[in-house]
Amino acid sequence: MRRNRGDGKEIGPCGGIKTGKTVRFGISADARLLEKFDGMIVEKGYANRSEAVRDLIRDQLVEFTWTQNYEEVVGTVTIVYNSESKELTEKLIELQHQNLVNIISSLHVHLDGRNCLEVLLIKGKGKKVKRISDRLIGTKGVKHGRLTLSTTGKEIY
Ligand code: NI
């Protein structure tokens, strides 16, 4: 359903502004750089150069929000650990209970008789999400951990 705010901008079903004005702009670059870029976007299956450039802009904006501490961000933390250590599993559970407001979802997979994989979805201000992630990954006995940075999507178009 389309509603109008009265200023000409459409409102989407979730209440946000549905569309923005599209602006064309030109970029000057070394021909060799552009040739390499075009080769890459073909490999990656982009429909055109504009979509590839838009993705680069979005990626940089998302990365930038992680350096600020005023916008809410979303990250996924993947950890692999040996569940035979009771001290380690108790520590990981304790960390999750301490941060239940920020850890909005988790997935646990038993990889084999000993090893477990957990994916935790963390939402909050950039610094807070990074701090929780660092503590989870840095827990003694965690074999591997990685934080993937993403966005709530609110300010990305
Ligand atoms: Ni397990």
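Taken together, the values in this text are just the output of simple stated rules run on the coordinates, not laboratory data. All values reported here derive from a predicted model rather than from experimental measurement. Ideal geometry is used to build each Cβ from the backbone, glycine not excepted, and the neighbour counts take in all protein chains shown.
In sequence order, the stretch 85-93 has phi-based couplings of 7, 5, 4, 5, 4, 5, 5, 5, 5 Hz under the Karplus curve 6.51 cos²θ - 1.76 cosθ + 1.60, θ = phi - 60°, and Gly or Pro positions carry x. Charges were assigned to the Cβ only: +1 to each Lys and Arg, -1 to each Asp and Glu. The resulting dipole of the chain about its Cα centre is roughly 500 debye. With the simple spin-label model, which puts each label point 7 Å out from Cα in the Cβ direction, the L121 to R135 separation comes to 2.2 nm. With the largest listed first and rounded to whole Å, the semi-axes of the equivalent ellipsoid of the chain from the Cα gyration tensor are 38, 23, 14. Taking label points 7 Å from Cα along the Cα-to-Cβ direction, R58 and T22 give a separation of 1.5 nm. The modelled label-to-label distance between S150 and V80, using points 7 Å beyond Cα along the C-beta direction, is 2.1 nm. Backbone phi angles across the stretch 125-142, fed through the Karplus curve with coefficients 6.51, -1.76 and 1.60 (θ = phi - 60°), yield HN-Hα couplings of 5, x, 5, 5, 4, 5, 5, 4, 4, 4, 5, 5, 5, x, 5, 4, x, 6 Hz in residue order; Gly and Pro are listed as x.
So who's got an amide H within less than 5 Å of the one on T152, skipping anything under 5 residues away but keeping other chains? H placed 1.01 Å off N, in plane. Amide H to amide H, under 5 Å and 5 or more residues apart or across chains, T152 pairs with V74.
Between the beta carbons of E35 and Q96, assuming R0 = 35 Å, the FRET efficiency works out to 0.10 to the nearest 0.05.
What's the Cα-based Rg to Rh of the stretch 72-151, Rh via Kirkwood? Each step should come with its number before you reach the end.
On the way: Rg = 11.9 Å, Rh = 12.5 Å.
The Rg/Rh ratio comes out at 0.95.
Could you tell me how many degrees, from 0 to 90 and to the nearest 10, lie between the Cα long axis of helix 31-44 and the main elongation axis, the longest principal axis, of the Cα atoms of the chain? Around 60 degrees separate the two axes.
Could you size up the charge dipole of the stretch 72-151 around its Cα centre, putting +1 on the beta carbon of Lys and Arg and -1 on that of Asp and Glu, and report it in debye to the nearest 20? Don't skip to the end; give the middle numbers.
Values: 13 positive and 8 negative charges, 79 e Å.
That gives the stretch 72-151 a dipole magnitude of about 380 debye.
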